[in-house]
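Below is one structure, written out as structure tokens; comments come after it.
The values are calculated or read from the model by the stated rules, or taken from the named source; none is laboratory data. Values in this document were obtained by computation on a predicted structure and should not be read as measured data. Don't worry about glycine lacking a Cβ; one is built from the backbone with ideal geometry, like all the others, and counts go over all protein chains shown. In case anyone asks, the SASA skips ligands and DNA or RNA and just uses the protein heavy atoms, side chains included. Shrake-Rupley method; radii C 1.70, N 1.55, O 1.52, S 1.80 Å.
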Amino acid sequence: MSNPEPQRTATRARARKAVIPAAGLGTRFAPATKAVPKELLPVVDVPALEFIVAEAAREGLDDVLIITARGKDAIEAHFDAAPDVENALEKKGDAGRLARVRRSTDLARLHYTRQREARGLGDAVAHAEGFAGNEPFAVLLGDDIIDERDVLLGKMLDVQAEKGGIVVGLIEVEGRAISLYGSIKPAGEVVDGVIPIETLIEKPKPEEALSNLAVIGRYVLPPEIFGALRRTELGKRGELELTDAMRTLGQDGVPIHGVVFSGRRYDTGDRQDYLRAVVRLAVEHPELGDDFSTWLVDFVRTIEATGGTDQ
Ligand code: G1P
């Protein structure tokens, strides 16, 4: 008689390191991104990337590797001390803003490496091999801001610690939108927001989608991903796709799970969504929110009344 399968418990430790790929050219936002990295475009008064680093730090991922590229030096500058700005604010007695300027310097232990060529997300992640060592690690894409009041990454880290393997963040999308994302084939039902995944493909045509569940920019990956990336060929768009390497690992028997997210997410790489993110966060901003909301309500009334923007 064979022994019954032992009950799986949280025997592994949660991942402790985060990797943030920030090497993309940001062509969707050109010309704004000719000289300014897209990751530093402000969402009200904080660069998008600071939200991402703050999210990692909140989840106890204190070591953060940012993968940069040529033309992205301003990223390091943003997370460095800024004595001139700090002195000026100190002289003015603006303690609030001074604290906000210093926040980015103290968020996490930041490390940087450069991707030489724009060879895709998989290639960017491959640059993290030395940093990650033999431990699982999180990957947070700079375009996706997850509202800090909603939980995603923390749950993903817990699921990975419990079940091992790969964990991806998922959202439900409608219609043709799936062709902008990785698409997953479920291997079972969603239970407590977690779904087992059979396989996944990158940016399918809508008619080839495996489900309406799309991979968003949060991953927890095992160190085996680096070997899989080495075995992965370039994808349709001539880039090394992280999705393809994850599929390879799945075929090797590594478990893949998704955490389905239905909270607030802002894709700041998309101009429409970026504008929505700015407006939403401006409305909620502790200093600006009240006045801005009053103006916004008035402005919307004007649009409704005139069908245009004659203000
Ligand atoms: C990347 C991934 C894709 C994922 C998406 C989430 O695509 O390749 O699988 O769904 O991020 O934002 P990108 O947006 O870099 O083209």
Checklist entry - Mind ordering 115-127, 156-168 by average Cβ neighbours within 10 Å, highest first? => result 156-168, 115-127
Next on the checklist: Leaving out ligands and nucleic acids, and using a 1.4 Å probe, what accessible area per residue does the chain come to in Å²?
Outcome noted: 53
Next on the checklist: Which one, A77, A69, A48, has the greatest fluctuation when you compute a Gaussian network model over the chain with C-alpha springs under 10 angstrom?
Outcome noted: A77
Next on the checklist: Apply the a/c threshold of 1.5 to the C-alpha gyration tensor of segment 152-247 and tell me whether it is rounded, prolate or oblate.
Outcome noted: oblate
Checklist entry - In whole percent, how big is the carbon plus sulfur part of the accessible area of the chain, probe 1.4 Å, protein atoms only? => result 50
Checklist entry - Using a Gaussian network for the chain with springs between C-alpha atoms less than 10 Å apart, which of these wobbles most: R301, R271, R231? => result R301
Item to check | Highest-fluctuation residue, E224, E55, E189 considered, GNM on the chain with Cα pairs under 10 Å | outcome: E189
Checklist outcome for this item: With the label point 7 Å along the Cα-to-beta-carbon line of R264 and a cut-off under 14 Å to each amide N, the hits in segment 131-150 are 145-150
Next on the checklist: How big is the chain along each principal axis, measuring the range of its Cα positions in Å and listing the largest first?
Outcome noted: 75, 48, 39
Item to check | Cα long-axis angle, helix 289-306 against the chain (0 to 90 degrees, to the nearest 10) | outcome: 90
Checklist outcome for this item: With -39,500 (n - 2.57) per DSSP H segment of 4 or more residues and division by the full residue count of the chain, the 222 nm estimate, nearest 500 deg cm²/dmol, is -10000 deg cm²/dmol
Checklist outcome for this item: For the chain, the longest principal axis of the Cα atoms and the Cα long axis of helix 153-163 enclose an angle in degrees, to the nearest 10, of 10
Checklist entry - Between segment 229-301 and segment 8-62, how many Å separate their Cα centres? => result 11
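Using only the C-alpha atoms of segment 218-281, find the volume of their convex hull and express it per residue in Å³. Don't skip to the end; give the middle numbers.
Working: hull volume 7.8 nm³, N = 64.
Spread over its residues, the Cα hull of segment 218-281 gives 122 Å³ apiece.
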Checklist entry - Which residue, chosen from G250, G164, V279, occupies the Cα position most advanced towards the positive end of the dipole of the chain, where the dipole is computed from +1 (Lys, Arg) and -1 (Asp, Glu) charges on Cβ about the Cα centre? => result G250
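Working from the alpha-carbon coordinates of segment 95-173, get Rg over Rh, Rh being the Kirkwood radius.
Numbers: Rg = 15.8 Å, Rh = 15.7 Å.
My calculation puts Rg/Rh at 1.01.
What FRET efficiency, computed as 1/(1 + (r/R0)^6) with R0 = 35 Å and r the Cβ-Cβ distance, is obtained for L234 and V279, rounded to the nearest 0.05? Numbers along the way, then the final one.
Working: r = 38 Å, r/R0 = 1.10.
E between L234 and V279, to the nearest 0.05, is 0.35.
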Checklist entry - How far, in degrees from 0 to 90, does helix 48-58 lean away from the longest principal axis of the Cα atoms of the chain, to the nearest 10? => result 60
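Just how large is the dipole of the chain about the Cα centre, in debye to the nearest 20, putting +1 at every Lys and Arg Cβ and -1 at every Asp and Glu Cβ?
Numbers: 40 positive and 51 negative charges, 133 e Å.
With only Lys, Arg, Asp and Glu charged at Cβ, the dipole is about 640 debye.
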Item to check | Listed residue (N134, P204, G175) projecting farthest to the positive dipole end of segment 133-214, Cβ model | outcome: P204
Item to check | Cut-off 11 Å (backbone N to label point 7 Å along Cα→Cβ of D62), residues of segment 87-118 | outcome: 108-109
